[in-house]
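Worksheet for the structure shown next.
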Amino acid sequence: MATEVLVPTLGESITEATVGEWLKQPGDAVAADEPIASLETDKVSVEVPSPVAGVMGQHAAKVGDTVEVGALIATIESGDGAPAKAAAPQPAVTEAPAATNAAPHDAAALSPSVRRAVLEHGVDPSTVKGTGKDGRLTKEDVAAAASSKPVAPAPASAAAPQTPSVAASTGGRKEERVKMTRLRQTIAKRLKEAQNSAAMLTTFNDVDMTAVIEARAKYKDLFEKKHGVRLGFMGFFVKAATMALKDIPSVNASIEGDEIVYHDYADISVAVSAPNGLVVPVIRDAQDLSVAGIEKTIGDFGKRAKDGTLKMDEMKGGTFTISNGGVFGSLMSTPIINPPQSAVLGLHRIEERPVVRDGQVVVRPMMYLALSYDHRLIDGREAVTFLVALKNAIEDPTRILIDL
């Protein structure tokens, strides 16, 4: 008797998703709770587990289809766990290089996190011995293979995640059309809504990073040994921001209808890279965390964003956002507010520039800061005061220690 697999509840206000990929093909053996499909929602990818052990039945939806919560997407047939049949991968699911041999490590059998590792490191999964259950590949196997030998170029047959439509002109020029992912569509919609609804303005300042760089260089080894995480710059900026938000509460507020909502806590949204775009998980009650606690939280977010295991609840809420474009080399930008928040802080690359100190021109590692804010709620004076408070804390980190 077949068991139906339904689209699970995806979170508050989320009623549908897109089939991102099938992890099991018809005829494959399936264990109870083993992921059989990956769904893309507005915010994250969600794996759908099999409710029972058996054999994968027919797919009721194709890759790229939109499915509603509670809809039938597949069936699991009763069976004794026969070996998976060698099935051709779905045309649109080509994240990992195709195996050249038959395979315990067929692309369809790899978990999403392993597929991402394969893609990131450029490793042919058919050449790697798996150490996981039943010989399956793990992320550690892929990383070890990548470090032990030169990275092989990706096969020419590897295609984009979505099947493109390609047209060539007589001059040999080509175009391709790839459907936007649900996440990218949501990002585009929210950013445009922010521009349409908020009276956005950006104020700039710069900060001398000398003191923070020296502190990091002096204590980074001891910090990592004690806390098990690297000491970066974000810990300093998040902590300094929570102090400045306490002094300028309007920057941490939001508009709801004809009311202003002030928060006595700082839930800081931090933009981190994920395979399909930026996601913005939230550091809850950041004002109560130490620099070490902040760095641990950000490190965990970054790792799970790459693995696709962030939970939707971890990206809800947030009272203020920090986006660090400097890691990609950005010198200056005007970040866009993350509604319903009223402000976002943009960090940029550190660059040595000539500045005047005590009447002398000296070279200092400088960073531009950009605060974009909703001018309906935040006045220019408040924006400048916030940036100055942040600048003072970074240029003299002792202020962070003594809450000054």
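Looking across ALA370, ALA383, one residue alone is open to solvent by less than 10 Å² (accessible area, probe 1.4 Å) and part of a strand (DSSP E or B). It is ALA370. Checking each residue in the stretch 110-139 for being over 22 Å from ILE36 (Cα atoms), modelled with pLDDT of 70 or more and part of a helix (DSSP H, G or I) picks out only THR127. Counting only strands (runs of 3 or more DSSP E) that fall entirely inside the stretch 274-352 and contain at least 3 residues that are closer than 21 Å to TYR373 by Cα, among the aliphatic types (A, V, I, L, M) and open to solvent by less than 30 Å² (accessible area, probe 1.4 Å), the qualifying elements are 343-347.
Within the stretch 250-265, being open to solvent by 60 Å² or more (accessible area, probe 1.4 Å) and within 29 Å of the chain's Cα centre (by Cα) holds for GLU256, TYR262, ASP264, TYR265. Against the conditions (1) closer than 19 Å to ASP403 by Cβ; (2) among the hydrophobic types (A, V, I, L, M, F, W, C); (3) without any contact (Cβ under 8 Å) to a residue 60 or more places away in the chain, where does PHE301 fall short? Just the number, please. Condition (1) is where PHE301 drops out. When the test is whether a residue is small (Gly, Ala, Ser) and under 21 Å from ALA274 (Cβ atoms), ALA32 does not pass it.
Evaluating TYR265 against the criteria (1) closer than 11 Å to PHE320 by Cβ; (2) in contact with a strand residue (DSSP E or B) (Cβ under 8 Å, 6 or more places away or on another chain); (3) outside any helix (DSSP H, G or I) leaves one unmet condition, (2). Among the residues of the stretch 54-68, is there at least one that is among the polar types (S, T, N, Q), open to solvent by 50 Å² or more (accessible area, probe 1.4 Å) and over 30 Å from LYS189 (Cβ atoms)? Scanning the stretch 54-68, I find at least one residue that is among the polar types (S, T, N, Q), open to solvent by 50 Å² or more (accessible area, probe 1.4 Å) and over 30 Å from LYS189 (Cβ atoms), so the answer is yes. Can you run down the residue pairs with Cβ atoms below 9 Å, 6 or more apart or on separate chains, where the first is in the stretch 201-216 and aromatic (Phe, Trp, Tyr) and the partner is at pLDDT below 95? What qualifies is PHE204/MET332; PHE204/THR334.
With respect to LYS192, determine if the residue is assigned to a helix (DSSP H, G or I), open to solvent by 20 Å² or more (accessible area, probe 1.4 Å) and either modelled with pLDDT under 95 or hydrophobic (A, V, I, L, M, F, W, C) (or both). For LYS192, the condition - assigned to a helix (DSSP H, G or I), open to solvent by 20 Å² or more (accessible area, probe 1.4 Å) and either modelled with pLDDT under 95 or hydrophobic (A, V, I, L, M, F, W, C) (or both) - is met.
The values are calculated or read from the model by the stated rules, or taken from the named source; none is laboratory data. It should be emphasised that the depicted structure is a prediction, and the values quoted were computed from it without experimental measurement. Ideal geometry is used to build each Cβ from the backbone, glycine not excepted, and the neighbour counts take in all protein chains shown. Ligands, DNA and RNA are excluded from the accessible area calculation, which covers all protein heavy atoms including side chains. Shrake-Rupley method; radii C 1.70, N 1.55, O 1.52, S 1.80 Å.
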